[in-house]
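Reading through the structure tokens given below for one structure.
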Amino acid sequence: MALVEETKRITAQLEYSDEDVNIGVQEFIRQMNEGLQEDGTSLSQIPTYVTGVPNGTEKGLYLAVDLGGTNFRVCSIHLNGDTTFNLTYSKVAIPKQLMVAKQAGDLFGFLAKQIELFLKTHHGEQFDAHIRRRQTVSTPEGYRDEQIFRLGFTFSFPVQQVGINKGTLIRWTKGFDIPDALGKDVCALLQQEIDLLRLPVKVAALVNDTVGTLMARSYTSPGKTSTLLGAIFGTGTNGAYVEKLTNIQKPVDGEYDKSTGEMVINTEWGSFDNQLNVLPNTPYDKELDEKSVNPGVQMFEKRVSGMFLGEIVRLVIVDLLKNPEISLFRDVNSSSNDWKSTTTIGPTSGLFKQWGLDSSIMSIAAADNTPDYSTLRQELEKELQIYSASLEDAQVFKIVANAVGRRAARLSAVPVGAIVLQSGKLKESAEDPVDIGVDGSLVEHYPFFRDMIYEALAAIEGIGPEGAKRIRIGIAKDGSGVGAALIALVAAQMEKKSVVDYLSAVKNDVVQKLAGALPGSGESTTVV
């Protein structure tokens, strides 16, 4: 059993102890507050201008669009007011020539056309009624406020947000390259094309999908408790949470509703501790980072997200393969293999290629508790061309995959625990749950990932086993659809409030002028 013993010795480097978790939490809180003081820190702590979260009683029909890559999705979401909703959507591929168009209007005009087709197809009666009204009303805009569809725009490219529906494009990624759009407000670009088609639609909110996850969970979560945090643990990782306005010390330009005393903050926690003050840094982490396309950044994400976990497993396995003292995936002869064969690795196996081991096989390894690991061994053959792997080979692969997955889960507890402590929610009440919405392949499909997060949360000072029981982690699906619609709703509420405030101010101004101009006995006056 020298092979198994050597594997356990190597994977001991991947252990993330209770003490490590607590050190990580304190550093995360420090970097959180640093990011609330100024820009340019590890945790960006980006203000989102969203100053309220839903409670499940909201009603109405809203639109959401999602430009996240090569596809464009248009949705309508009917909120029923009882934490449930009905969703209708269509999806279309972005033509390749539009991804590199000369003019921004070419791409955004195409997006507006898809919105028009969606409205005609799925909301034809309302759309026709809007068109009839458009031709009869006399206001300059053509529509009364209540006749407009509010739209949430999920735009998954780097933007500098300066309002709930304002954000300038910093750069394109994912194969897009339209220089004409750089530095321009993407909401205004879409609204301009919508207006050219005379559609009854207002781009009400610019949406980050992590913020959408928070909103979607807050609407659908059981009970009266609003959601504190929306988090993604999937191909990438990020979190958005509700912060007190008094804690945001750096300037927040633009208009937003201050009456709630809160704002949703997009942490961009994938870049937590890029300096490596406290994050674990094994030889495998170092090699992955050095050979990545962005060395030195997204250091937390490189230890937690599904995009990178399979590569860490691969690097450990390759290290074991290089050791002449042990026999991983090789047999002296068929008698040393319980399948009475000899193990071979195909020459084009993903084991020998960077990113060649997909993280999904880790879930299969974690779930296979059969005596001979038959499911895992079949998967090793199918995905990695490892033929006739022995029982011991499979056991070693499972040990390595479990060590990498467990470390990722315990690291995931660090930002969750830090944000719970920062919020003070556990002290505000002795009974109310602290609600957290999560999305992503790891929390959905990796066996016991959430259980391992809870285990680490229970070890955090200030939370403990009793506090961990009050932290309610629930799946929140479709942040870019339902969540975006809910942010559009919040934006519409903010709009109405600002109109009411404006009218109230006008009324007070008129009253003051009248009061100041009232004539004394026997006098006459003119009010201007």
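The table that follows gives values for the structure above.
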{"quantity": "Matching residues, region 420-442, being open to solvent by less than 10 Å² (accessible area, probe 1.4 Å) and either part of a helix (DSSP H, G or I) or of a type in the set (Lys, Arg) (or both)", "calculated": "420"}
{"quantity": "Region 194-253 - residue that is among the charged types (D, E, K, R) and farther than 24 Å from residue 31 by Cβ and, of those, surrounded by the fewest Cβ atoms within 10 Å (Cβ to Cβ)", "calculated": "224"}
{"quantity": "Checklist (1) within 30 Å of residue 34 (Cα to Cα); (2) crowded, with 19+ Cβ neighbours inside 10 Å applied to residue 462, failing item", "calculated": "(2)"}
{"quantity": "Residue check, residue 48 within 19 Å of the chain's Cα centre (by Cα), surrounded by 14 or more Cβ atoms within 10 Å (Cβ to Cβ) and under 29 Å from residue 164 (Cβ atoms)", "calculated": "yes"}
{"quantity": "Scan of region 26-71 for residues that are of a type in the set (Val, Ile, Thr) and without any contact (Cβ under 8 Å) to a residue 60 or more places away in the chain, ordered by number", "calculated": "41, 57"}
{"quantity": "Selection count where residues are in a helix (DSSP H, G or I) and in contact (Cβ under 8 Å) with a residue 12 or more places away in the chain, scope region 1-25", "calculated": "17"}
{"quantity": "Some residue of region 403-419 being surrounded by fewer than 19 Cβ atoms within 10 Å (Cβ to Cβ) and either of a type in the set (S, T, N, Q) or at positive phi (or both)", "calculated": "no"}
{"quantity": "Output for region 146-161, where each listed residue is under 24 Å from residue 268 (Cα atoms) and surrounded by fewer than 17 Cβ atoms within 10 Å (Cβ to Cβ)", "calculated": "156, 158, 160"}
{"quantity": "Checking residue 456 against (1) out of contact with any Lys or Arg (no Cβ under 8 Å at 6 or more places or on another chain); (2) among the hydrophobic types (A, V, I, L, M, F, W, C); (3) open to solvent by less than 40 Å² (accessible area, probe 1.4 Å), the condition it does not meet", "calculated": "(1)"}
{"quantity": "Hits in region 358-383 (condition: of a type outside the set (Ser, Thr, Tyr) and farther than 17 Å from residue 405 by Cβ)", "calculated": "371, 372, 377, 378, 381, 382"}
{"quantity": "Odd one out for residue 394, checked against (1) open to solvent by less than 10 Å² (accessible area, probe 1.4 Å); (2) in contact (Cβ under 8 Å) with a residue 40 or more places away in the chain; (3) closer than 20 Å to residue 344 by Cβ", "calculated": "(2)"}
{"quantity": "Strands (runs of 3 or more DSSP E) fully within region 142-223 counting 2 or more residues that are closer than 28 Å to residue 85 by Cβ and free of Cβ contacts under 8 Å to residues at least 40 places away in the same chain", "calculated": "none"}
{"quantity": "Tabulated pairs, region 72-94, first more than 18 Å from residue 212 (Cβ to Cβ), second buried (at least 20 other Cβ atoms within 10 Å of the Cβ), C-beta under 6 angstrom, 6+ apart or interchain", "calculated": "90/74; 90/118; 92/72; 94/72"}
{"quantity": "Residue match in region 492-506 (condition: modelled with pLDDT of 85 or more, open to solvent by less than 70 Å² (accessible area, probe 1.4 Å) and not charged (D, E, K, R))", "calculated": "yes"}
{"quantity": "First in region 367-386 and assigned to a loop (DSSP other than H, G, I, E, B), second anywhere and of a type in the set (S, T, N, Q) and surrounded by fewer than 23 Cβ atoms within 10 Å (Cβ to Cβ), Cβ under 6 Å, 6 or more apart", "calculated": "368/375; 385/349"}
{"quantity": "Meets criteria (crowded, with 17+ Cβ neighbours inside 10 Å, closer than 30 Å to residue 163 by Cα and β-branched (Val, Ile, Thr)) for residue 316", "calculated": "no"}
{"quantity": "Of all residues in region 107-145 being of a type in the set (Asp, Glu) and at pLDDT 75 or above, the one that is least open to solvent (accessible area, probe 1.4 Å)", "calculated": "116"}
{"quantity": "Tally, over region 388-423, of residues that are under 30 Å from residue 267 (Cβ atoms), out of contact with any Ser or Thr (no Cβ under 6 Å at 6 or more places or on another chain) and of a type outside the set (Val, Ile, Thr)", "calculated": "17"}
{"quantity": "Selection from region 348-371 of residues that are open to solvent by 30 Å² or more (accessible area, probe 1.4 Å) and out of contact with any Gly (no Cβ under 6 Å at 6 or more places or on another chain)", "calculated": "348, 352, 353, 354, 355, 360, 364, 367, 369, 370, 371"}
{"quantity": "Filtered residues of region 319-337 (kept if open to solvent by 50 Å² or more (accessible area, probe 1.4 Å), modelled with pLDDT of 65 or more and either within 38 Å of the chain's Cα centre (by Cα) or farther than 20 Å from residue 403 by Cβ (or both))", "calculated": "319, 324, 325, 327, 330"}
{"quantity": "Residues being within 21 Å of the chain's Cα centre (by Cα), part of a helix (DSSP H, G or I) and free of Cβ contacts under 8 Å to residues at least 40 places away in the same chain - total across region 264-307", "calculated": "2"}
{"quantity": "Filter result for the condition that a residue is at pLDDT below 95, in contact with a Lys or Arg (Cβ under 9 Å, 6 or more places away or on another chain), surrounded by 18 or more Cβ atoms within 10 Å (Cβ to Cβ) and closer than 30 Å to residue 219 by Cβ, over 67, 36", "calculated": "67"}
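The values are calculated or read from the model by the stated rules, or taken from the named source; none is laboratory data. Remember, it's a predicted structure, so these values are computed and weren't measured experimentally. So basically every Cβ, Gly included, is an ideal-geometry build from the backbone, and we count neighbours across all protein chains shown. Ligands, DNA and RNA are stripped out before the accessible areas are found, and what is left, the full protein with its side chains, is counted by its heavy atoms. Shrake-Rupley method; radii C 1.70, N 1.55, O 1.52, S 1.80 Å.
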